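The values are calculated or read from the model by the stated rules, or taken from the named source; none is laboratory data. Note that the structure is a prediction, hence the values are computed from the model and not measured. Surface areas here come from the heavy atoms of the whole protein model, side chains and all, with no ligands, DNA or RNA. Shrake-Rupley method; radii C 1.70, N 1.55, O 1.52, S 1.80 Å.
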Amino acid sequence: MANFKTHIAVAAVGSLVATGICLQAGMVNQTEAAGLFTFGTVAGLLPDIDSDHSVPAQWLFRLFSLATALLILLGWQGKLPLWQLLACAGAGAVAMRYIVLNLFARITVHRGLFHSLPAALLAGLATIALGHRLAGWSLHFTWLAAAFVTCGYLLHLLLDEAFSVNLTGNHLKQSFGTALTLFSPAAWLSYLLLYSAVIAGIWLLPMPRGVTAWFCH
């Protein structure tokens, strides 16, 4: 499979090209473009979050720890004394970095549920839920961000599949077919829950105006 440097380099290049297209088309401003580039690049590492104590997992959970602290600071600002607010933000970051990461490493298997097509869709839907509902992004930018996250995620899976083909030996490696997974009988319950979450997200989350208008007609 592709290594950390390859994943982040390809995700960054792909995100840069897509961001340039969005800028050229006038779909986003420069600040939003920087955000889209970041989302696509980070999403290129997301599938490896289930690899116990790998570089992507450690890197991503550091970002999640920072995001947790920022959400606590922004959400509870003015509701708690400053020292309590800082203490809660620090506790949230530490809990995410050490407790949640260790629990996550125990219950997940590398090349499992997170290396699948429905997981890529769910990552995009989660971006919509967090961006539009919590961060207050516009619906237009939220869906663009979700597209960048899903595409960055899929780019990671495609790279893993590409590196599963041994071109010099003209054969497939044992890992071939384990990245772009649609369903696994061995984990049927997990996939059932995953597909249920995807369907619920599509049903409940706000759609772009064009899609809504198409359904109404």
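Let me check something: with ligands and nucleic acids excluded, how do PHE183, PHE64 order by accessible area (1.4 Å probe), largest to smallest?
Details: PHE183 110, PHE64 70 Å².
From most exposed to least exposed: PHE183, PHE64.
Taking amide H atoms as placed 1.01 Å from N in the peptide plane, the amide H of SER116 lies under 5 Å from those of THR181, each 5 or more residues away in sequence or on another chain. Taking 0.36 nm per residue of separation and subtracting the current Cα-Cα distance, fully stretching the chain between ALA187 and MET207 would add 4.1 nm. Take ILE49: with every protein chain present and a 1.4 Å probe, its accessible area is about 20 Å². Full extension of the chain between LEU16 and LEU74 gives 17.9 nm of extra length, using 0.36 nm per residue less the Cα-Cα distance. Among SER196, SER184, the sequence by solvent-accessible area, most first, with a 1.4 Å probe is SER196, SER184.
Once the piece of chain linking ASN29 and CYS88 is laid out straight, how much longer is it, given 0.36 nm per residue of separation minus the C-alpha distance between them? Don't skip to the end; give the middle numbers.
Values: separation 59, 0.36 × 59 = 21.24 nm, distance 3.45 nm.
Fully extending the segment from ASN29 to CYS88 adds 17.8 nm.
One equal scatterer on each Cα of region 1-40, no solvent, Debye formula: the resulting log10 I(q)/I(0) at q = 0.17, 0.28 Å⁻¹ is -0.44, -0.85. Solvent-accessible surface (1.4 Å probe) assigned to VAL13 amounts to roughly 90 Å².
With the whole protein complex present, ARG133 retains an accessible surface near 150 Å², based on a 1.4 Å probe.
Using only the heavy atoms of the protein chains and a 1.4 Å probe, how would TYR98, TYR195 rank by accessible area, largest first?
On the way: TYR98 130, TYR195 80 Å².
So the residues, ranked largest to smallest area, are TYR98, TYR195.
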